[in-house]
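Contents: one structure, followed by commentary.
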Amino acid sequence: MSETDNTPRPLRILLLAAEVVPFVKTGGLADVAGSLPPAIRALGHDIRVAMPRYGRIDPRRFNLKLLPKTFVVPLDNRMEPGQLREGRLAYDVPIYFVENARYFDREGIYMYPDDAERFIFFCRGALEGVRQLGWQPDVVHCHDWQTALVPNWLKTIYARDPFFCQTASVYTIHSLAFRGIFGRRVLEIAGIAEYEFTAGPDGTRDGQVVDFMARGITYADVINTVSPTYAREILTPEFGENLDGLLRQRQDRLFGILNGLDAEDYNPATDPYIARRYTAETLEQRAENKAALQRYAGLEVAPETPLLGAISRLTDDKGFDLIQAMLEPMLKHLDVQFVLMGTGEERYHRFFLEIAQRYPGRMAVFLTFNTPLARRIYAGTDIFLMPSRFEPCGLGQMIAMRYGSVPLVRAVGGLVDTVQDYDPSAQTGTGFLFRAYDALAFYTAVVRAVETYRYTDVWRKLQQRGMQQDFSWQASARAYVELYRLACSLRAQMAQGISRTS
Ligand code: GLC
């Protein structure tokens, strides 16, 4: 490259996540970690991903190759051995699996008493592993609490390490609800017990608990969340989960970038799981999917009856207390059907099973998650419910729109940033929004949607506007590259500051 060429050079990015599609998924984080890297690579950057090699990931099935060299990770007072296995994501993005039988050869993914130690090992193993490959990242992009100590390490134990002293960090918050709170002992395991850290979980000087999330926020060069609205909301006590004070302190480093949707994977024109494929132009064919879903779910095959759907974790966070309060009034007073898929709190399992029994042909519940049925619900329902208490980004509403199921959502977080309220006088909008977290506000929105559904032409245009939204990863990937560059320059400025004063 010549001296006068001022095209910025491609970046080397190491992305760390505890779950990545298609290998392991428990939540939306896995979708992001699987889809963002190919989009970044398409922009010409050398991005590589690392995750633990959990026992349930079969190396043969995914053709994962064990790399010859082993490495050791300092952990507590001992050295724990590790090794990398290499696979590929879409677009040929390398993904490294950190191997260690003791920590990862187990049935599940999370909820073990030594989770802190397991993820400390994973993160440090990923850093030591790429060091051994001689691949020096410009940026480490961390996601959620499992990886939140990396920014802390880069500012302490790795600050003078010749290999990592220039590495910047970006920390992405997918949800403040999952924090990683442990006892002080984990600092010894992580090798940072002697470094001062004063922010407790509520930003106070507690010092007795270690909050991984708070550390990521404190030490990362740049922080972001998964929608612009959630990035603003978490600065307030209502959404800040006691970290709003700390987040306000770091507000100049905090950004919001909306997640994308994998438009090839989620495409009603090619979806292999649905009864009849369709596009925005051939929406009349969609009716076959509704009939097929009604049959499969044991509902009356009634083309004119609005079919509501939800696919979600069954928790209060996702607004299931509102659905619970209003489901019977809806089934009694409105001519609607409802199909639900998901698992969650036991009391909701019982409640929905009981209602399904009492309203045969009108309500169906599947206490499970499986992709084929999920696709049939997106393709066959008329209205898709997401009355979340908070929603950092949300994926369901975007998939629903792409499949012509009109979202009915609460006006929070990423839901506000992706769904526009239907305006009957202007004939604009892509869904139905309600503001107050309140059963009546929710019910009113349902009535509004069901009423609008009766006007076939209006409804069809509403569906088409949703189907034509562009939620592709491209724009988000560009925004992330800008964030990476910002992190690098802030890191470099800080390094200059250090060398001037020392
Ligand atoms: C979390 C959030 C969800 C978001 C996802 C991916 O699961 O709850 O809103 O879409 O992360 O960022």
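Would it be correct to say that Glu188 is assigned by TED's automatic domain parsing to the domain that holds Lys25, assigned to a loop (DSSP other than H, G, I, E, B) and surrounded by fewer than 19 Cβ atoms within 10 Å (Cβ to Cβ)?
No: the conditions fail for Glu188.
Quickly run through region 418-441 and pick out the residues that are surrounded by 12 or more Cβ atoms within 10 Å (Cβ to Cβ) and assigned to a strand (DSSP E or B).
Within region 418-441, Asp421, Thr428, Gly431, Phe432, Leu433, Phe434 qualify.
Please indicate, with yes or no, whether at least one residue in region 223-230 is within 26 Å of Leu490 (Cβ to Cβ), within 16 Å of the ligand (Cβ to nearest atom), touching a residue at least 60 places away in the same chain (Cβ under 8 Å) and surrounded by fewer than 20 Cβ atoms within 10 Å (Cβ to Cβ).
Yes: one or more hits.
Look at region 72-113 and say how many of its residues are of a type in the set (Lys, Arg) and open to solvent by 60 Å² or more (accessible area, probe 1.4 Å).
Summing the residues that are of a type in the set (Lys, Arg) and open to solvent by 60 Å² or more (accessible area, probe 1.4 Å) in region 72-113 gives 3.
Of everything in region 128-151 that's within 13 Å of Thr70 (Cα to Cα) and among the aliphatic types (A, V, I, L, M), which residue is surrounded by the fewest Cβ atoms within 10 Å (Cβ to Cβ)?
Filtering region 128-151 for residues that are within 13 Å of Thr70 (Cα to Cα) and among the aliphatic types (A, V, I, L, M), the one surrounded by the fewest Cβ atoms within 10 Å (Cβ to Cβ) comes out as Leu133.
Among (1) in contact with a strand residue (DSSP E or B) (Cβ under 9 Å, 6 or more places away or on another chain); (2) away from the ligand (no atom under 16 Å from the Cβ); (3) of a type outside the set (Ser, Thr, Tyr), where does Arg313 come up short?
Every listed condition holds for Arg313 apart from (2).
Val140 - would you say it is under 25 Å from Ile234 (Cα atoms), more than 16 Å from the ligand (Cβ to nearest atom), in a helix (DSSP H, G or I) and touching a helix residue (DSSP H, G or I) at 6+ places or on another chain (Cβ under 9 Å)?
Against the criterion (under 25 Å from Ile234 (Cα atoms), more than 16 Å from the ligand (Cβ to nearest atom), in a helix (DSSP H, G or I) and touching a helix residue (DSSP H, G or I) at 6+ places or on another chain (Cβ under 9 Å)), Val140 does not qualify.
What pairs come up if the first residue lies in region 288-306 and is touching a residue at least 24 places away in the same chain (Cβ under 8 Å) and in the same structural domain as Leu367 (by TED's automatic domain parsing), the second is open to solvent by less than 20 Å² (accessible area, probe 1.4 Å) and part of a loop (DSSP other than H, G, I, E, B), and their beta carbons are under 6 Å apart, counting only those six or more places apart or on different chains?
Asn289/Ile274; Leu299/Gly361; Glu300/Gly361; Pro306/Val336; Pro306/Asp382
Among (1) more than 16 Å from the ligand (Cβ to nearest atom); (2) over 21 Å from Lys290 (Cα atoms); (3) in contact (Cβ under 8 Å) with a residue 24 or more places away in the chain; (4) in a loop (DSSP other than H, G, I, E, B), there is one condition Gly404 misses while meeting the rest; what is its number?
Single failed check for Gly404: (2).
Scan region 160-179 for residues that are open to solvent by 10 Å² or more (accessible area, probe 1.4 Å) and either touching a His at 6+ places or on another chain (Cβ under 7 Å) or touching a residue at least 60 places away in the same chain (Cβ under 8 Å) (or both) and jot them down.
Cys165, Gln166, His174, Ser175, Ala177, Arg179
Please state which one of Tyr195, Tyr171, Tyr219 is hydroxyl-bearing (Ser, Thr, Tyr) and within 16 Å of the ligand (Cβ to nearest atom).
Tyr171
Would you confirm whether or not region 451-462 contains a residue that is within 16 Å of the ligand (Cβ to nearest atom) and either hydrophobic (A, V, I, L, M, F, W, C) or surrounded by 15 or more Cβ atoms within 10 Å (Cβ to Cβ) (or both)?
no
Only one of Glu117, Glu107 is within 29 Å of Val210 (Cα to Cα) and assigned to a loop (DSSP other than H, G, I, E, B). Can you tell me which?
Glu107
Is there a residue in region 62-78 that is in contact with a strand residue (DSSP E or B) (Cβ under 7 Å, 6 or more places away or on another chain), in contact (Cβ under 8 Å) with a residue 24 or more places away in the chain, within 16 Å of the ligand (Cβ to nearest atom) and under 22 Å from Gly108 (Cα atoms)?
Scanning region 62-78, I find no residue that is in contact with a strand residue (DSSP E or B) (Cβ under 7 Å, 6 or more places away or on another chain), in contact (Cβ under 8 Å) with a residue 24 or more places away in the chain, within 16 Å of the ligand (Cβ to nearest atom) and under 22 Å from Gly108 (Cα atoms), so the answer is no.
Just name the residue that is nearest to the chain's Cα centre (by Cα) out of those in region 253-271 that are within 22 Å of Pro151 (Cα to Cα) and aliphatic (A, V, I, L, M).
My answer is Ile257.
When you scan region 344-359, do you find a residue that is under 19 Å from the mean Cα position of the chain (by Cα) and either open to solvent by 30 Å² or more (accessible area, probe 1.4 Å) or not basic (Lys, Arg) (or both), even just one?
yes
(1) open to solvent by 10 Å² or more (accessible area, probe 1.4 Å); (2) touching a residue at least 60 places away in the same chain (Cβ under 8 Å); (3) within 16 Å of the ligand (Cβ to nearest atom): which one isn't true of Arg362, the others all being true?
It fails just one condition, (3).
Applying the selection to region 245-256, what residues are open to solvent by less than 20 Å² (accessible area, probe 1.4 Å) and in contact with a Leu (Cβ under 7 Å, 6 or more places away or on another chain)?
Hit for region 245-256 is Leu247, nothing else.
Which ones in region 13-46 are open to solvent by 20 Å² or more (accessible area, probe 1.4 Å), under 23 Å from Gly216 (Cα atoms) and of a type in the set (D, E, K, R)?
If the condition is that a residue be open to solvent by 20 Å² or more (accessible area, probe 1.4 Å), under 23 Å from Gly216 (Cα atoms) and of a type in the set (D, E, K, R), then Lys25, Asp31 are the ones that fit.
Please indicate, with yes or no, whether at least one residue in region 369-384 is away from the ligand (no atom under 13 Å from the Cβ), part of a strand (DSSP E or B), assigned by TED's automatic domain parsing to the domain that holds Thr456 and not charged (D, E, K, R).
Checking region 369-384: at least one residue is away from the ligand (no atom under 13 Å from the Cβ), part of a strand (DSSP E or B), assigned by TED's automatic domain parsing to the domain that holds Thr456 and not charged (D, E, K, R).
Identify the single condition in (1) in contact with an Asp or Glu (Cβ under 6 Å, 6 or more places away or on another chain); (2) more than 16 Å from the ligand (Cβ to nearest atom) that Leu258 does not satisfy, given that it satisfies every other one.
Failing condition for Leu258: (2).
The values are calculated or read from the model by the stated rules, or taken from the named source; none is laboratory data. Here the structure is a predicted model, which is why all the values come from computation and not from measurement. With ideal geometry, Cβ positions are generated from the backbone for all residues, glycine too; neighbour counts draw on all protein chains shown. Just so you know, the surface numbers come from the protein's heavy atoms only, side chains and all, with ligands and any DNA or RNA stripped out. Shrake-Rupley method; radii C 1.70, N 1.55, O 1.52, S 1.80 Å.
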